[in-house]
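The next block holds one structure in the form of structure tokens; read it before the comments.
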Amino acid sequence: MTSPSTSARTRLAPDSRRQSLIDAARALYAQRPYDDVSTAELARAAGVTRGLINHYFGTKRELFLAVMRESVMMPAEALPDLSALPMPERVRHTIDWILDAATTYGQAWVAASGAANLHGDSDVQAIVDEADDRAARLVLDALCLPDDPHRRARLRPVAAYVKALCREWLVRGTLTRDEVSAAVCATVLAVVTEEPR
């Protein structure tokens, strides 16, 4: 005879199970900090045993890093070809695309994006740095600009500004989307149009 908890569990393909663990963990981490969430809670939220979390991720920390990696990466959906538009219009369309992603991922994205500042851990910072570099590359591509290291280096710090503005908009409610868009567009336009020294 099977116990109720055993019969309620569903057998998933490994990729689906891994994703379900990430999704359950993301929901918990969106509500509470990493240190306040136990492995037992993560397992309960995902409807699995703690051993299955260890099987897929090794440790609670590795699961957290997987959530971080997925949460801070910009979506890869391509924008339409903007090359015929003047640069200010390209920037506006690109920033709308970024803010749409922020709206979709909401507070979970904002919380994960700010985690490096809260934890200061090198593994978390490495994920945020990777995401910021990827975002800079995607923005340059969307703006039809060559991907050169100098432009990317100037765009990467803008990511922190965007995240801070999105926290004001999505979490604190102190800014509107239009205010965030105007501030980010002005900054990005200044960065990408400034002549190299």
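The values are calculated or read from the model by the stated rules, or taken from the named source; none is laboratory data. Since this is a predicted model, take the numbers as computed values, not measurements. Please note: Cβ atoms are built from the backbone with ideal geometry, for glycine as well, and neighbour counts cover all protein chains shown.
Listed values, structure above:
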read-out	value
Residues (at pLDDT 90 or above and of a type outside the set (A, V, I, L, M, F, W, C)) located in region 169-197	173, 174, 176, 177, 178, 179, 181, 187
Region 90-105 residues that are among the hydrophobic types (A, V, I, L, M, F, W, C) and surrounded by fewer than 19 Cβ atoms within 10 Å (Cβ to Cβ), paired with ones that are in a helix (DSSP H, G or I) and at pLDDT below 80 (beta carbon under 8 Å, 6 or more apart)	101/109
Residues of region 133-179 that turn out to be within 20 Å of residue 82 (Cβ to Cβ) and of a type in the set (Val, Ile, Thr), as a count	3
Residue check, residue 109 in a helix (DSSP H, G or I), of a type in the set (Phe, Trp, Tyr) and either in the same structural domain as residue 26 (by TED's automatic domain parsing) or at pLDDT 90 or above (or both)	no
Which listed residue is free of Cβ contacts under 8 Å to residues at least 24 places away in the same chain, out of contact with any strand residue (DSSP E or B) (no Cβ under 7 Å at 6 or more places or on another chain) and surrounded by 15 or more Cβ atoms within 10 Å (Cβ to Cβ), from 63, 28, 82	28
